[in-house]
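Since every read-out is calculated from the coordinates, none of them should be taken as a lab result. This structure is a prediction, so every number in the text was calculated from the model and none was measured. Quick reminder, even Gly has a Cβ in these numbers, built from the backbone with ideal geometry, and neighbours come from all protein chains shown.
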Amino acid sequence: MKKVQLLFVQATVCLSLLVACGGDNDDLSTNPDDVAFLDFSPETAFIGDEITIHGRNLGTNPHALIVTFGDIIANVVTVDGTFARVIVPDDIETASVGLELRISLASLKSGKAFTLKAPVIESISPTSVLPGQEVVIKGNGFRNSQRFEQVKFGNTMLKGESVDPGNTELHLYVPADATPGKYAVSVTVAGLTTTATDLVEVTGPPVFSGFLPATAFIGDEITLTGENLGTDPDRLAVSFGGVDATVVSVDKTSAKVIVPDDIEASSVQIRISIPGEELLSSANNFILKAPVVESLSLIRGYSGQLVKLIGKGFRDSYRFEQVAFGSKVIERGSVARPGHNELLVSVPDRLAAGKYPVSVTVAGMTATAPESFEVIVPSVTSFTPASGSRYATMTITGTNFIDTNYTGNKGGNTSVSFADFATGLNSRSGLVTSITDTQITVLVPQLWPGTYKVTVGVQASYVSAEATFTYEE
């Protein structure tokens, strides 16, 4: 009796372990007779495309379902009982193959063949290259695998490891021993071949013959001439005295480039380079034209006033100091808006009254505006009362209190401030209630008792009254 009980306990334990261990692997215990492979769609697709298998009792575990195209195992993306999504494998070997599905002990074959679509080449670039340069093929249906040779350059089949693969893009390098000429490029997958519409021309080494014009302004376009310069602007590097220039276009024998903003000298050598080739230099130096200041938008105003310089050959850059009012140079980065033909600048703060020549300096060459800029500063002759408390009405007399260039409310950029006479600290602004060019009425702000300096500001021009104001409780 005890022996029977022991056997019963052992059997119960084993059954419990089997159920516990197999709870997440129900696909492995699927009854082969219950599994069905009904169909798949689409019937034709590119390598790398997703197709759907329709069936019954396919389970829910992608790792328990094996799908093959011929003898090549495909990647199962997802499975959910009645369907499974799989990827057409990169290493498929023939264009027409049967599909086979295996799950648990079931092994089922499709009732029809899957047909592989031939690869498609949509574009190839660049189409003018040097030996050893990279060529990019874009399209569809390529192998994302290096196991097979799939690209033919002219009559040379490129080794699989020499091509950077992808289902929609292939990167290859022109054979180093390729001689100048035009070559057809084709892709073959599972016996299906497609050839690019454009031929790839292999050229000889580049030649830099010269450039026109010999002199130009910053921002101007000049033309470089030569041979075998390629057709891809991104692959041609051009510099003016070591400063990189923008290449606008290139067409084998010529390239259009922009004289760079950051050029540092007025006479520089132009150099070009193409990946894999030696740096080539111009025989003659390029001569930069000096900037020209044709006019100023204002010729009279206050410090802080925005003035537009109109001309050509200016730097469209914040990296250099280029504008000066007399000997006062505007710091780099402080130009409000740079441009090749216009510079918007602010008249330097706290300039004394007077006329200042306005100049632009580029690469050591200086141009001066035909008219000087006259700086106006306000003046204070008197104010009353000499003492008072909060909200006392003060009247200030003087000159140049209104900026006639200001487009807002009259006197809107005029201010009156009160600062501690001894330290210049604790500055407070008063409320301007009325203003003419020679008189200001202002309400005294709340201050600490003491002696204060009264300052009038218009834009960034400031003047302080000689007399002091005494604030009383």
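Data table
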item: 5 angstrom amide H check on Ala392, placed H, neighbours 5+ away; result: Val444
item: Over 31 Å between alpha carbons, listed pairs Lys308/Lys453; Lys256/Lys312; Lys117/Lys252; result: Lys308/Lys453; Lys117/Lys252
item: Förster radius 22 Å - calculated FRET efficiency between Leu212 and Ala237, Cβ distance, rounded to 0.05; result: 0.65
item: Cα gyration tensor category, rounded, prolate or oblate, for region 27-116 with a/c compared to 1.5; result: prolate
item: Residues Tyr318 and Thr407, FRET efficiency given R0 of 22 Å [Cβ-Cβ distance, rounded to 0.05]; result: 0.25
item: DSSP-assigned coil residues among chymotrypsin sites (Phe, Trp or Tyr not before Pro) in region 343-414, each with at most 16 further Cβ atoms within 10 Å; result: Tyr391
item: Whole-angstrom gap from region 31-70 to region 396-421, using each part's C-alpha centre; result: 83 Å
item: Ranking of Ile287, Ile263 by count of other Cβ atoms within 10 Å, fewest first; result: Ile287, Ile263
item: Computed helical MRE - 222 nm, the chain, DSSP H runs ≥ 4 contributing -39500 (n - 2.57), nearest 500; result: -1500 deg cm²/dmol
item: Residue exposure sequence - Val120, Val442 - by fewest surrounding Cβ within 10 Å; result: Val120, Val442
item: Answer label, with Rg and Dmax of the Cα atoms in Å calculated from the coordinates and candidates [x] 34.7, 123; [y] 20.9, 65; [z] 40.8, 127; result: [z]
item: Inter-label distance for Ser41 and Glu134, nm, one decimal - labels placed 7 Å from Cα along Cα-to-Cβ; result: 4.1 nm
item: Sites Thr441 and Ile299 - FRET efficiency at Förster radius 22 Å, r taken between beta-carbons, to 0.05; result: 0.10
item: Burial ordering of Ser417, Ser297, fewest other beta-carbon atoms within 10 Å first; result: Ser297, Ser417
item: The chain: angle of helix 2-21 to the longest principal axis, Cα-based, in degrees nearest 10; result: 50 degrees
item: Cα shape, region 120-202, gyration tensor, a/c 1.5 rule; result: prolate
